[in-house]
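Heads up, the thing below is written out as structure tokens.
Nothing in this text is a laboratory measurement; each read-out follows from the coordinates by a stated rule. Treat the numbers as computed from the prediction; the structure is a model and nothing was measured.
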Amino acid sequence: MYDSLDDISWLLITKTKFGTTLGHSLGGTRYFIITALLGNALFAVLKSKFLVISLIVTSTLLFLDAWFDVASARAGRPLIVAISEALIFELPLALISFSVAWNLITNLDFKSRL
């Protein structure tokens, strides 16, 4: 059947093997998330003021993607995969992004920059 390494590599590469109840592919969402994470890295390296906004957008995108994947998955293995992917990858990354944004907001002195 499947071994755990195949399942993990499949999770990392694509989400569209089983499709969704809506009958269309949602694999394009993965590219938006990768682009958002690369944007966060770029803004962090450049010490840009847009980092906080980028982190909040990334966090929101990850939460919505997790919700949509679980809500639109068919019963059985696709639903189990959607829930496990949300719990293992998307929601922890969303919480990390939001907590970094929160720390930046609470630790920066915005009055000194105005």
Please list the non-local residues whose amide H lies under 5 Å from the amide H of residue 74, H modeled 1.01 Å from N, same-chain partners needing a gap of 5 or more. 21, 79
Hey, what do the phi angles of the range 90-102 turn into as Karplus ³J(HN,Hα) couplings, whole Hz, using 6.51/-1.76/1.60 and θ = phi - 60°, x for Gly and Pro? 6, 5, x, 5, 5, 5, 5, 4, 5, 5, 5, 4, 4
